Amino acid sequence: MIKNICCIGAGYVGGPTMAVIALKSPHIKVTVVDLNQERIDAWNGEDFEKLPIYEPGLAEVVEKCRGRNLFFSTDVDKAIDEADAIFISVNTPTKTYGVGKGMAADLKYIELCARQIARVATSDKIVIEKSTLPVRTAEAIVNILKNTGNGVDFQILSNPEFLAEGTAVADLMNPDRVLIGGEQTENGKKAAQQLVDVYKNWVPEANILTTNVWSSELSKLTANAFLAQRVSSINAMSELCEVTGADVGEVAKAIGTDSRIGPKFLKASVGFGGSCFQKDILNLVYIAKSYGLDEVADYWEQVIILNDHQKRRFASNIVKTLFNTVSGKEIAILGWAFKKDTNDTRESAAIYVADELLNERASLKVYDPKVNKERVFADLNYLESRSKEENTELVNIIGDPYEACKGAHAIAVLTEWDEFKSFDWRMIYEGMKKPAFIFDGRALLDLEELSKIGFVTYSIGKGN
Ligand code: NAD
Ligand code: UGA
């Protein structure tokens, strides 16, 4: 029976996942470890509103469990040695160098974890892949563990995470399914059962699926590819709607009522962002190519191509509408996070739209309720499209949305934060340069109302 869990990686997955396991399994000690001292200090901080990750409901869960059976530490060796089960929840970004650059998953952090576990472990362990990994990664982990370990037994399980940011706690409390892949041997099945028993503390057994390791690894990439594909599919239709006079919201509703299609994930947008969709599809494309499956690779790559097109076309539409020049014009950017209810900005469409506008020498005023100034500049500077000094000169981060819009020629809504819906748009309009434009990249606002006030409006996927 698993009584002591270690999770390597205190990020967007490790933090919330372990907090919920600790909440639902008070008899299990859960220690989340990370190399990043600042992150661990923030998880241990006095103020629960300042945890390193913003997720609705997370602070309450951490407050209940921290110090009881949930611990955050940088002492990785100690936590590994004490644990019966070790979750690997480290990041697996797209490779930025060498073979597979720009496509394959970079597994260096995974390998480091495996080597550290092998070096430190002095008793049998279940090692669980929680990170999203290419199919057949477990093979490499087994090799490292079995060939460099201290002769103890390791069982490797794949247990990918399906939570979405912004709803992480709710997703974890009530998952559609938990997936556990294990070796089809007697010991493999026993290890899988032990992990099933942990989840059974709150997840109905019928929702806990067990498979072989490769199916589990590949199912995670497949799930993200299918979800992203839906967004690209509806976004492709949004462009067609704009030129034909159809309304993508109405089209989405009409097709979503077909129970075979379903209503979810049909919201047209300025493009999907987040740390995983693009990374995981590129990884899938790379895997398909490496097996010589070029048609399969091309099919999935199109989801990314369409997404990049959507971000670019949104930005160029702003430029075109503002009389083909935005140089020296002020544009207010409402929302920087890749979706609402998160402070995560990784691959956010806002970064790329802003970048295109800055290339045209626009002056930007950015407001996001949860993203700080340092993050916005880090995101822009990372692109290396222009010097840091130029970014500082052209971009202002403003803590008050009304201030951000004051004097602006146009507003671009790039995240679907609920609070944007209840702004006093009349007051915002009064303070803007005329004609005042609003570009809604999330089909969030009531355009009819806005046009009555005087705004010139554009909403993704709405034709005239
Ligand atoms: P993250 O960057 O937020 O967190 C990863 C953490 O691992 C970082 O804090 C980093 O310091 C730490 N780390 C890296 N190497 C380490 C090591 N050797 N020892 C100790 N700590 C180490 O990443 P994330 O968003 O939590 O994603 C983690 C994995 O989960 C990825 O594979 C991702 O694809 C997958 N995933 C993410 C989400 C999501 O919503 N973010 C959802 C499902 C799956
Ligand atoms: C996604 C998946 O939904 C999770 O199941 C998965 O675990 C996770 O990736 C992961 O592996 O990291 P996440 O990226 O956190 O979760 O958020 P989503 O809700 O999927 O949104 C992704 C992007 O798609 C956002 O930018 C969102 O605004 C956009 N989106 C989503 C749309 O534009 N339209 C939609 O209808 C849905």
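Tabulated data for the structure shown
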{"quantity": "Net charge of neighbours whose Cβ lies under 14 Å from the Cβ of Gly431, counting Lys and Arg as +1 and Asp and Glu as -1", "calculated": "0"}
{"quantity": "Per-residue [θ]222 nm for the chain (sum of -39500 (n - 2.57) over DSSP H runs n ≥ 4, rounded to 500)", "calculated": "-14000 deg cm²/dmol"}
{"quantity": "Ordering of 395-407, 338-350 by packing [mean C-beta count within 10 Å, highest first]", "calculated": "338-350, 395-407"}
{"quantity": "Shape of the stretch 278-370, Cα gyration tensor, a/c cut at 1.5", "calculated": "oblate"}
{"quantity": "Pairs from Lys311/Lys433; Lys29/Lys264; Lys108/Lys220; Lys101/Lys253; Lys24/Lys190 whose Cα-Cα separation, in the structure shown, is over 31 Å", "calculated": "Lys29/Lys264; Lys101/Lys253"}
{"quantity": "Estimated inter-spin distance, Ser259 and His309, nm [label 7 Å along Cα→Cβ]", "calculated": "3.4"}
{"quantity": "Whole-Hz ³J(HN,Hα) from phi, Karplus 6.51 cos²θ - 1.76 cosθ + 1.60, for the stretch 275-287, glycine and proline x", "calculated": "7, 10, 3, 5, 4, 6, 5, 4, 5, 4, 4, 5, 5"}
{"quantity": "Rounded FRET efficiency, nearest 0.05, which uses the C-beta distance separating Phe226 from Gln37 and R0 of 25 Å", "calculated": "0.05"}
{"quantity": "For Ser363, net neighbour charge (Lys/Arg +1, Asp/Glu -1) across residues whose Cβ lies under 15 Å away", "calculated": "-2"}
{"quantity": "Phi-based couplings in Hz for the stretch 38-53 (Karplus 6.51, -1.76, 1.60; Gly and Pro marked x)", "calculated": "4, 5, 5, 4, 5, 5, 8, x, 5, 8, 5, 7, 10, 4, x, 10"}
{"quantity": "Full-extension gain in nm, Lys50 to Asn359, via 0.36 nm per residue minus C-alpha separation", "calculated": "107.8 nm"}
{"quantity": "The chain - percent of accessible surface contributed by carbon and sulfur, probe 1.4 Å", "calculated": "51"}
{"quantity": "Debye, to nearest 20: dipole size of the chain, +1 on Lys, Arg Cβ, -1 on Asp, Glu Cβ", "calculated": "300"}
{"quantity": "Solvent accessible area, Å² - Cys113, 1.4 Å probe, full protein context", "calculated": "10"}
{"quantity": "Accessible surface, 1.4 Å probe, highest first, among residues Leu282, Leu112, Leu209", "calculated": "Leu112, Leu209, Leu282"}
{"quantity": "Which of His27, His409 is most accessible, then next, and so on - probe 1.4 Å", "calculated": "His27, His409"}
{"quantity": "Probe 1.4 Å - accessible area at Trp214, Å² to nearest ten", "calculated": "80"}
{"quantity": "Accessible area per residue in Å² at 1.4 Å probe, computed on the chain", "calculated": "45"}
{"quantity": "For Asp440, residues with placed amide H under 5 Å, excluding near neighbours", "calculated": "Val413, Tyr458, Ser459, Ile460"}
{"quantity": "Net charge of Cβ neighbours under 14 Å - reference Thr74; Lys, Arg +1; Asp, Glu -1", "calculated": "-3"}
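The values are calculated or read from the model by the stated rules, or taken from the named source; none is laboratory data. What you see is a predicted model, and the numbers here were worked out from it, not measured in a lab. Virtual Cβ from ideal backbone geometry, glycine too; neighbours counted across all protein chains shown. Surface areas here come from the heavy atoms of the whole protein model, side chains and all, with no ligands, DNA or RNA. Shrake-Rupley method; radii C 1.70, N 1.55, O 1.52, S 1.80 Å.
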